[in-house]
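The values are calculated or read from the model by the stated rules, or taken from the named source; none is laboratory data. For clarity, every value in this text was computed on a predicted model and none was experimentally measured. Every residue, glycine as well, gets a Cβ built from its backbone with ideal geometry; the counts of neighbours run over all protein chains shown. Just so you know, the surface numbers come from the protein's heavy atoms only, side chains and all, with ligands and any DNA or RNA stripped out. Shrake-Rupley method; radii C 1.70, N 1.55, O 1.52, S 1.80 Å.
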Amino acid sequence: MRQLRSHVSSQTRVDYGVELALGLMQFPETAALADHLTAQNQALDNLRLAREKKQRDLMRLRVLLRLADYNWDQTVRSFSHAVEITEGGSRGALHRALFPNGISAVVTPTGASQVTTAKAMVDLLNASKAINVDKVRNEWQPRLTDALTKLTTAANDRDTATREVGLMRVNEEALREDHAVLVDKLAGEVRALFPKEPKRWEVIFPRLVSSTTSHDQDSATLDTLSQSDPQG
């Protein structure tokens, strides 16, 4: 009686469960046992599909965050250039006041660090009392604020989706474990119903290959864990 390894992917486990349920249905003595397994198969498959959909959405959010990060950097570089023009083409006192740690310190960070750095820069521009600051602040404060808003939103959306995917993975792993426990229980019940009939066990339980390709990021290796003695 062949079973799956514990780290098999959800898709492989569902496929196995569907075939096992069909096997159970072929005999009157075991047909009723298929109902609970069918429900478990559907629940696990639903959670897998929802997690995969959320992962695809997370990919999109990562792209949007990279775009927002790029947009922020480009806006800052344009702002830096505008300050230089205001100072006659060089980085003078105004530029040093608005970029006390240099422009690289503002554009180099990524992710959450970039949001923090960007907000600090906008706050500095809003509060600055430097000479001639109004010549650039009136034009660039709205642009920088807009770029900061887009960056903050993109980072928050990415982080929220990342947490959601993590939670869904935990729930999916728990449901996979429940599925494995149920399959083990069914194996015992089939043995009890058909003692000393290994050929019938093989009809009911799916035949496994030595390995398979995972449908998701989890291991999908299969193994013959129990080729039980007919004496049970």
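Cβ-Cβ under 9 Å, sequence separation 6+ or interchain: first residue in the range 93-107 and open to solvent by less than 50 Å² (accessible area, probe 1.4 Å), partner in a loop (DSSP other than H, G, I, E, B) and of a type in the set (Ser, Thr, Tyr). Which pairs?
Pairs found: 94/128; 97/128; 98/128.
Against the definition (open to solvent by 10 Å² or more (accessible area, probe 1.4 Å), small (Gly, Ala, Ser) and over 30 Å from residue 164 (Cα atoms)), how does residue 112 come out, yes or no?
Numbers: open to solvent by 10 Å² or more (accessible area, probe 1.4 Å): yes; small (Gly, Ala, Ser): yes; over 30 Å from residue 164 (Cα atoms): no.
Against the criterion (open to solvent by 10 Å² or more (accessible area, probe 1.4 Å), small (Gly, Ala, Ser) and over 30 Å from residue 164 (Cα atoms)), residue 112 does not qualify.
Go through the range 149-180 and give me each residue that's under 25 Å from residue 45 (Cα atoms) and among the small types (Gly, Ala, Ser).
Within the range 149-180, 161, 166, 174, 180 meet the criteria.
Step by step: first the residues of the range 14-33, then only those that are outside any helix (DSSP H, G or I) and without any contact (Cβ under 8 Å) to a residue 40 or more places away in the chain, then the one that is least open to solvent (accessible area, probe 1.4 Å). Which residue is that?
25
Return the residues of the range 119-154 that are of a type in the set (Lys, Arg), in contact with a Ser or Thr (Cβ under 9 Å, 6 or more places away or on another chain) and within 30 Å of residue 62 (Cα to Cα); say none if nothing qualifies.
Within the range 119-154, 119, 143 meet the criteria.
One line per residue, one yes/no per condition, for (1) part of a helix (DSSP H, G or I); (2) among the polar types (S, T, N, Q); (3) farther than 30 Å from residue 52 by Cα:
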position	(1), (2), (3)
78	yes, yes, yes
85	yes, no, yes
102	no, no, yes
118	yes, no, yes
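Quickly run through the range 119-164 and pick out the residues that are open to solvent by 20 Å² or more (accessible area, probe 1.4 Å) and of a type in the set (Gly, Ala, Ser).
Across the range 119-164, the qualifying residues are 120, 127, 130.
Please go through the range 124-142 and give me each residue that is in a helix (DSSP H, G or I) and more than 15 Å from residue 79 (Cα to Cα), ordered by number.
Here is the first cut: in the range 124-142, the ones in a helix (DSSP H, G or I) are 124-127, 134-142.
Hit for the range 124-142 is 127, nothing else.
From 32, 50, grab the single residue that is modelled with pLDDT of 95 or more and over 26 Å from residue 198 (Cα atoms).
On the way: 32 fails: over 26 Å from residue 198 (Cα atoms).
Just a single option satisfies the conditions, and that option is 50.
Among the residues of the range 34-41, is there at least one that is of a type in the set (Val, Ile, Thr) and surrounded by 19 or more Cβ atoms within 10 Å (Cβ to Cβ)?
no
Restricting attention to the range 96-118, and to residues there that are hydrophobic (A, V, I, L, M, F, W, C) and in contact with a Leu (Cβ under 7 Å, 6 or more places away or on another chain), which single residue is farthest from residue 62 (Cα to Cα)?
It comes out as 98.
Can you tell me which residues in the range 82-92 are open to solvent by 40 Å² or more (accessible area, probe 1.4 Å) and among the β-branched types (Val, Ile, Thr)? Reasoning before the result, please.
From the range 82-92, those open to solvent by 40 Å² or more (accessible area, probe 1.4 Å) are 85-91; that's our starting set.
Answer for the range 82-92, where residues must be open to solvent by 40 Å² or more (accessible area, probe 1.4 Å) and among the β-branched types (Val, Ile, Thr): 85, 86.
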